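These notes are about the structure you will find just below.
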Amino acid sequence: MLEQLELLLELQEIDTDLADLSRQGELLPIRIGEFKTEKARVRAALQEKELALDVAKKERQHREHELEDATARINDLKAKQLVIKTNEEYAALTHEIAFAGQGISDLEDGILTLLEDIDQLAADVEKAGAEKAEAERGIDESVSELQARLDELNDALAVKKDERLRIAMRIDASLLRRYEGIFRSKGDCALAPVVDGACSGCYKSLPPQTVIEVKRATRFTECDGCGRILYWRRETDVG
Ligand SMILES: [Zn+2]
């Protein structure tokens, strides 16, 4: 029985390590995901600025064309005015020319405002581009570090699993099932040493008879408080 107990204790140590590695293994991809989200965010921020700049540039082109058209129209009107016959027609054209002139002035004002916007947007694009480049450098570095740790972790997991398999093979099948059931339900350990006459898993005081049984180690005894398998630490057996 003592040999089986030693094997179970080894198994428990491995299972504790495996649980710890698995927890870390779950956290790392989450952190990698967060970095990737941040990378997408800075990229989207730049794209948004670039799009706004593009829209402003197109709007400027559109207004420039409108201005050309309006200038051509006013030149037409002025040419017509030179060959006009009646005062009414002349007055009507003067009115039209004044109206077209106002349109041109509005377009020019609009274009000036757009030019200012374009300058501001170009500066924004440059800033967002620099921010993106810097963020990406940091993020790529962090992601490759985390990825390397994840790879190491997976290697360590594979080694531990292999180790576990070799030990589990040497444990009696029904005892292994019993141990695994307790380990799963407790989440931390399935074997608890008796310390000062109590179960160290749930701190319940044990009847003296149970302590004697555990110390004698002729069969596996479970704590009637928590159900963990009790054992006697040989190093505490001195004296
Ligand atoms: Zn207990």
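Values in this text are rule-based calculations from the coordinates and carry no lab data. Here the structure is a predicted model, which is why all the values come from computation and not from measurement. When we count neighbours, we look across all protein chains shown, and the Cβ atoms used for this are built from the backbone with ideal geometry, even at glycine.
Please report the projected area of the range 131-189's Cα convex hull averaged over all directions, in nm².
5.9 nm²
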Total formal charge among the other residues, if their Cβ is under 12 angstrom from that of I182, Lys/Arg +1 and Asp/Glu -1: +1
Looking at the chain as a GNM with Cα springs under 10 Å, which of E213, E126, E68 has the largest mean-square fluctuation? E68
C-alpha center-to-center spacing [the range 129-198, the range 91-114] in angstrom: 76 Å
Please work out how much length the chain gains when fully extended from R234 to E134, using 0.36 nm per residue of separation minus the C-alpha to C-alpha distance, in nm with one decimal. 30.1 nm
Long-range amide H partners of A198, meaning residues 5 or more apart or on another chain whose placed amide H is closer than 5 Å, are L206
Cβ-isolated cysteines (cut-off 4.7 Å), the chain: C189
Contour minus Cα-Cα span, N154 to R23, at 0.36 nm per residue, comes to 46.0 nm
Under 5 Å from the placed amide H of Y231, counting only residues 5+ away or on other chains, we find A192, V194
How large is ³J(HN,Hα), in whole Hz, for each residue of the range 8-24 in order, when computed from phi with the Karplus curve 6.51 cos²θ - 1.76 cosθ + 1.60 and θ = phi - 60°, using x for Gly and Pro? 4, 5, 5, 4, 5, 4, 5, 5, 5, 4, 4, 4, 5, 5, 5, 4, 4
From the backbone phi of the range 37-44, what are the Karplus-calculated ³J(HN,Hα) couplings (6.51 cos²θ - 1.76 cosθ + 1.60, θ = phi - 60°) in whole Hz, Gly and Pro given as x? 5, 4, 5, 5, 5, 5, 5, 5
So what are the ³J(HN,Hα) numbers for the range 110-126, from phi and the Karplus equation (6.51, -1.76, 1.60; θ = phi - 60°), rounded to whole Hz, Gly and Pro as x? x, 5, 4, 4, 4, 4, 5, 4, 4, 4, 5, 5, 5, 5, 4, 4, 4
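So if the hydrodynamic radius of the chain is defined as the Kirkwood radius over C-alpha pairs, what does Stokes-Einstein give as its diffusion coefficient at 10 °C and 1.306 mPa s, in µm² per second? Intermediate values should be presented prior to the final figure.
Details: Rh = 26.0 Å.
Stokes-Einstein gives a translational diffusion coefficient of 61 µm²/s.
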With each label point set 7 Å from Cα along the Cα-Cβ vector, what nm distance links D172 and L82? 11.9 nm
Can you tell me which of 223-231, 83-91 comes out highest on packing, and rank the rest after it, using the mean Cβ neighbours within 10 Å? 223-231, 83-91
The chain, relative contact order in percent, only Cα pairs under 8 angstrom and at least six apart counted: 28 percent
